[in-house]
Amino acid sequence: MTTDFEVVVVGAGPAGSTAAMQLGRAGRRVCLLERGPAPGSKNLFGGVVYPRVLDELIPSWREEAPFERWITRRATMLLTDTQALSVDFRTTAWGAAPYNGATALRPAFDAWLAGRAVEAGAVLLTSTTAVGLLRDSTGRVAGVTTDRPDGDLPASVVVACDGVNSFLAKEAGCAAPSDPANYTLGVKEILALPADEIERRFGLCAGEGADFEILGGTGGVAGGGFLYTNRETISVGLVLSLPSLTASGRRPEELLAGFKAHPAIAPLLAGADLVEYGAHLIPEAGVSMMPKLAADAFVVAGDAAAMCLASGLWLEGVNFAISSGAAAAAAVTGALSGGDTSGRRLEAAYRKELKAGFVLADLERLKLAPHLVLSDRVQNRYPQFVCDIVEEIFTVSNPTPKPRLRSLVLSQARRAGLRWRELARDAWTSWRMLG
C-alpha cells in the first residue's frame, strides 16, 4: 500500500470523521480508516443526535444531514411491573430551526459525515482493520499496521477513534485495564411501522419525533430503556449494567422481550416488524474511566476516550464524539505545525481545546451521576416508591378521607425500604450535580 500520510485516523464514526475533516481542512494529509464495508455499518447507538455542535463545523447541516425526525416530544418514564409514570414534555420550538435533537440511523449519518471528511481531502479506506501500532526504532508510535497485505500505514500521528474498549489506546499505554462496572451493554431492535401509524401512536405531526427515556422495566437488572421514532421505524432497546446482567444469569434479548411486553410499551409497538437487532458496549462512567488522552504521536477521541454522557437526565454520545474529534484535530494540527508531537504537548493542547467547549465541563460536573443512576435505590426502590405515591394520590377511595401527602410519603418510604438519610444523601448528590 503506497501512502504518504501525516495522520491516520482509525474509525470512521462521528469522532473519527470529524477529526479527519478538520485535519483535511487544515491542509494535512490524512487517512480515515474504517473496518466496516462503509462508515456506520459496524456502529450502533440509541438513535438521537444533538446536532447543534455542527453549527460551526458544517453550517449547512440542517439541509444536508440525513436525519429521520426532529424531536418535539421528550418523555421520561418510571416503570414498575404494573405501573408507569411519565413526565412528558412537548414544544414546537424544537421542530423548527435551530432545532434541538433529531433521530438518525448510523449507516446514513456516519456515511454523510465521512463524506464531508473526504470532501475536505481525507482518504477513506474501508474494510480495513488497524491491528496494531507501528513504532520507529525508538519505540515511538509511527503509524498503524492493518489486516491488508503490505498494509502498514506510516504517519506522524495516529488518532484512535476505534470505539469503546479501544485496543489501540491500550497498546499506546493510555488506557488502564477495563473495569466491567464502568460499562453497560446496549441492546436494540429496529421495528418497522408506516410513518402515519407512528405519528398516530405517538401523537406526532408529520416529521416530528418522540424520545422516551425509561427507568425500570429491565427485569431487575440495573439499567434503563429507550424508545425513539424514526421516519418509518421505531428504535427500542435497553442499556444494561454488565455486572448486574452477569449476576442475573439472563440473556439481554430475553430482558428486551419482557420490556417490549410491558403494558405501557406494548401498545406502541404492536404489529411492528423486526428489521434489525444489535448490541453495543457503552462507556458509562465518564471521567472516572477516561484514559490518558495522548501519548507520543498518539491521541484518543470519542468512545475510545470514554467521552459519552450518561447522567440519567442527559444521555448523549454523538455530540460529545464530534466535539472531541474536532478538539483532537486542532491539537494535532498545532502539534504538527510546531514540530512537537510529544504526548505532553498533545495532551495539553487537546485538554485546552476540550475545556474551551462543553465536553470536559459536563463530564466533570456530572461525574457522580452514572453510579448514582445505576445504584439499587434508583433502579429498584425509587420507581416503586414514586409510582406508589402517585397511585395513592389518584385512587379515589370514598368514603375514606384523602391522604395527607406527608404521611403518604413516610409510609411509602418505609414500604420501599428507604431511609431518610439515603433520600437526603441522594438529593444532595443530585443538587451538587444539577443545581
Looking for whichever is among the small types (Gly, Ala, Ser), in contact with a helix residue (DSSP H, G or I) (Cβ under 7 Å, 6 or more places away or on another chain) and within 22 Å of residue 435 (Cβ to Cβ) here; the options are 369, 416. Which one fits? 369
Please tell me if residue 114 is without any contact (Cβ under 8 Å) to a residue 12 or more places away in the chain, farther than 30 Å from residue 221 by Cβ and either among the aliphatic types (A, V, I, L, M) or not in a helix (DSSP H, G or I) (or both). no
Restrict the check to the range 276-292 and report whether at least one residue is surrounded by fewer than 24 Cβ atoms within 10 Å (Cβ to Cβ), small (Gly, Ala, Ser) and part of a loop (DSSP other than H, G, I, E, B). yes
Log entry, pairs with first residue in the range 73-96 being within 20 Å of residue 51 (Cα to Cα), second being in a loop (DSSP other than H, G, I, E, B) and of a type outside the set (Gly, Ala, Ser), beta carbons closer than 6 Å, six or more apart or on different chains, reads 94/100
For the range 20-65, the count of residues that are of a type outside the set (Val, Ile, Thr), closer than 22 Å to residue 281 by Cα and either crowded, with 23+ Cβ neighbours inside 10 Å or in contact (Cβ under 8 Å) with a residue 12 or more places away in the chain (or both) equals 15
Looking only at the range 76-99, count how many residues are surrounded by 18 or more Cβ atoms within 10 Å (Cβ to Cβ), farther than 17 Å from residue 214 by Cβ and in contact with a Ser or Thr (Cβ under 9 Å, 6 or more places away or on another chain). 2
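Restricting attention to the range 3-36, which residues are among the polar types (S, T, N, Q) and at pLDDT below 95? Give the steps one after another, and end with the answer.
Our first condition is that a residue be among the polar types (S, T, N, Q); within the range 3-36, this holds for 3, 17-18, 22.
The one that is among the polar types (S, T, N, Q) and at pLDDT below 95: 3.
The values are calculated or read from the model by the stated rules, or taken from the named source; none is laboratory data. The structure displayed is predicted, hence computed values, not measured ones. Note that we place each Cβ from the backbone using ideal geometry, even for glycine, and neighbour counts take in every protein chain shown.
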